[in-house]
Amino acid sequence: GVITINDKPMTGASMKRLMSKIAYVKQNDVFFGHLTVRDQLTYTALLRLPSSLPKASKHEEVDRIIKLLRLSKVADSPIMLLSGGEKKRVNIGTELLTDPAIIMLDEPTSGLDSTSAVSLMNLLHTLAKNHGKTVVTSIHQPSSAVFRSFDRLLMLAEGSAVYFGSPVESLSYLRDLNLACPDGYNASDHWMDLLVIDSAIEEEEEEEDQEDDNAMAITGRTNTAENSSDDSNNDGLHQRRQISVARGSPRVQLICAWDSEAVAEQNDIAEKEGSDSGKDVGNLNKIKKYNTTWLTQFGVLTHRSLKNSRAAIFTPLNFVKSIALGLIAGLLWFQLGSSEKYVSDKSSYYFFTMTYWVFDSMFGALMSFPAERVVILKERASASYHLSAYFLGKTVSETPTRLTLPFIYMLISFWMGAISPDFTVFLGSVACTLMSVLAGESFGLMIGTSIYDMERAMTVMTVCALGLMLLGGFYVQNVPSFVAWAQYLSPFKYSYDASLHIVFNDQDVPCDGSGALGALCGGASTGSVPGNQVVEFLGVTTSVGFNVGLLTVLIIVPRFI
């Protein structure tokens, strides 16, 4: 078939441009739960209303929609705390903000009381009559007032049209078929009674139809085999429908009675007669796909993502977790000395720190994108913004929030453990930790966006994270040559090696006779070992600049693959 709008065929390019002029209100309400109602509508207005419209006018439009849909009392409440009916109204308001040419709604009155449902339908009717909108909606058990508010009614059964016309004329049509609606009975309920059959009754009829098919098949074998299989199938379907009509099935009777071709011809004539009226939606060449610039989208999405991630990450529980871990680590590595017996303890402190926070960022990023995927797909389908604007906005906004918690941990544990009295060593250690967090986040985002199934993504992430950790140089120092190349993919290794360089390279380590440094001290309790030799003893062969450079590569490359 051919999709046309005002008798103009739609091409692929036309359909893409038309997406920005279609509002589709889904039955399921998809939002960021931490945002308030006003936040949701405001961000939508800033993204989808034209850039030429002043910002103050956009806020006024948001206030008008809030008042129109009776959301004033919950305007500043998080969406996740709203009732089902309130979420539905927010869903509708989000789409009404954009001044669409075509509005498609999937059961918009679900969750609303009868008064609110009638008010909403009156609003949609006004948009269609006075503002040139095309409104297409499905309704679940409409009241009589809602049923009669439609200009055109399309009834379907078994994939076939059984009626198309005005609601009032539908009653006359049923009366002509001796299926009249009883006086005082809701017309929509009467239609449903005719078209919807109880499953138990339907199964019984199917069994009887099967028996009739068997009987026809036996009869058919006695006849000549001149007809094709397609003709036989069509004849069988026609005979089954005739049998159902004879039995008095209203649904099949309505399917057989409706002449779709004749109705289509009448509609074509009506369209030609009224072709000069209405809004020309078919001329799509002047419609831009995006109403706002890329920079505007980036700014709005950054602000929204910052507010959303702040509510999700900056929770009291996460702060307690970071402080508690910092205290535990500080107590376990409490006031370490500077002699050779503490070298292993300091290296283990750094590896634990890098391991935990890289894991935390990996799995946090892995689970963040799948949770947002449904919202992103919905907003992208309505041409709200460029995907690049969303991604960069999310990256920029979440960086400070994700780095705050490991910074709190380092601030507590580093000084409690007396890892080094030098403040520059503290700054370097914090920098390595935060860079490893960003690298881990990049891996999590890469896997989270590549694998849609959450269970599979978790499995892949677990295997990759553990494998990269083992390649970090703490557990296995003599890595076999055939897998040594994989070390260059490990953020654990680069952050760990860089941290050891920073803490040991510029200071001599006193010998204490413990033999922890082996031949470097030779068991002596006097003297010291140069820091660069300690670094080599720990298996670090690359410079700080090399490790920081490759950490930067691991931060950037996975995000843009």
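The values are calculated or read from the model by the stated rules, or taken from the named source; none is laboratory data. These numbers were taken from a predicted model, which means no experiment stands behind them. With ideal geometry, Cβ positions are generated from the backbone for all residues, glycine too; neighbour counts draw on all protein chains shown. Remember, those area values only see protein heavy atoms, side chains included, never the ligands or the DNA or RNA. Shrake-Rupley method; radii C 1.70, N 1.55, O 1.52, S 1.80 Å.
I need the phi-derived Karplus couplings for segment 368-374: 6.51 cos²θ - 1.76 cosθ + 1.60, θ = phi - 60°, integer Hz, Gly and Pro marked x.
6, 6, x, 5, 9, 4, 5
Tell me, what is the FRET efficiency for HIS34 and LEU489 to the nearest 0.05, using R0 = 30 angstrom and their Cβ-Cβ distance as r?
On the way: r = 34 Å, r/R0 = 1.14.
Given R0 = 30 Å and the Cβ-Cβ separation, E is 0.30.
Zone of THR542 (label point 7 Å along Cα→Cβ, backbone N under 11 Å): which residues in segment 478-502?
485-498
Over segment 281-412, what is the mean sequence separation of C-alpha contacts under 8 Å (at least six apart), divided by residue count, expressed as relative contact order in percent?
Working: 74 pairs, mean separation 78.9, N = 132.
This gives 60 percent for segment 281-412.
Do me a favour and compute the ellipsoid semi-axes for segment 480-561 from its Cα gyration tensor, root of five times each eigenvalue, largest one first, whole Å. Intermediate values should be presented prior to the final figure.
Numbers: eigenvalues 205, 40, 12 Å².
Taking √(5λ) for each Cα gyration eigenvalue gives 32, 14, 8 Å.
State whether segment 397-443 is rounded, prolate or oblate according to the following rule on the C-alpha gyration tensor (a ≥ b ≥ c being the square roots of its eigenvalues): a/c under 1.5 gives rounded; otherwise a/b larger than b/c gives prolate, and the remaining case gives oblate. Intermediate values should be presented prior to the final figure.
On the way: a/c = 2.64, a/b = 2.03, b/c = 1.31.
Prolate shape, in that a/c is at least 1.5 and a/b is the bigger ratio.
What does the extension gain come out to for LYS289 and LEU171, with contour length at 0.36 nm per residue minus their alpha carbon separation? Could you put the intermediate results ahead of the total?
Details: separation 118, 0.36 × 118 = 42.48 nm, distance 4.26 nm.
Working it through step by step, the gained length comes to 38.2 nm.
Could you rank GLU455, GLU107, GLU169 by how accessible they are, 1.4 Å probe, largest area first? Present the calculation step by step, with values, prior to reporting the outcome.
Working: GLU455 140, GLU107 40, GLU169 115 Å².
These residues rank, largest area first, as GLU455, GLU169, GLU107.
Expressed as a whole percentage, what fraction of the accessible surface of segment 20-158 belongs to carbon and sulfur atoms when a 1.4 Å probe is rolled over the protein heavy atoms? Mind dumping the intermediate values first?
Working: 3370 of 6560 Å².
Solvent-exposed carbon and sulfur of segment 20-158 make up 51 percent of the total.
Could you report the accessible area of VAL476 in Å², rounded to 10, computed with a 1.4 Å probe on the protein chains as they sit in the structure?
60 Å²
Beyond a 26 Å Cα-Cα separation, which of these cross-linked pairs lie in this structure: LYS307/LYS378; LYS87/LYS378; LYS346/LYS394; LYS321/LYS378; LYS73/LYS307? Each step should come with its number before you reach the end.
Values: LYS307/LYS378 20 Å; LYS87/LYS378 16 Å; LYS346/LYS394 35 Å; LYS321/LYS378 34 Å; LYS73/LYS307 22 Å.
Long pairs (Cα-Cα over 26 Å): LYS346/LYS394; LYS321/LYS378.
Average the reciprocal distances over every distinct pair of alpha-carbons in segment 275-424, invert the result, and give the Kirkwood radius in Å.
Values: mean 1/r = 0.0527 Å⁻¹.
So the Kirkwood estimate lands at 19.0 Å.
Taking a 1.4 Å probe, which of TYR290, TYR356, TYR496 shows the most accessible area, and what order do the others take after it?
Values: TYR290 40, TYR356 60, TYR496 10 Å².
Descending accessible area places them as TYR356, TYR290, TYR496.
Leaving ligands and nucleic acids out of the surface, order PHE150, PHE504 by accessible area at 1.4 Å, largest first. All intermediate terms of the calculation are to be shown ahead of the outcome.
Numbers: PHE150 40, PHE504 5 Å².
Result of the area sort, largest leading: PHE150, PHE504.
Can you list the residues, at least 5 places off or on another chain, whose amide H is less than 5 Å from the amide H of TYR24, using H built in the peptide plane?
Long-range HN contacts for TYR24: MET104.
Round to the nearest 10 and report in Å² the accessible area of ILE502, as given by a 1.4 Å probe over the protein chains' heavy atoms.
40 Å²
Tell me the per residue accessible area of segment 20-94 using a 1.4 Å probe; a whole number in Å² is fine. Write out the running numbers ahead of the final one.
On the way: 3440 Å² over 75 residues.
Per residue, segment 20-94 has an accessible area of 46 Å².
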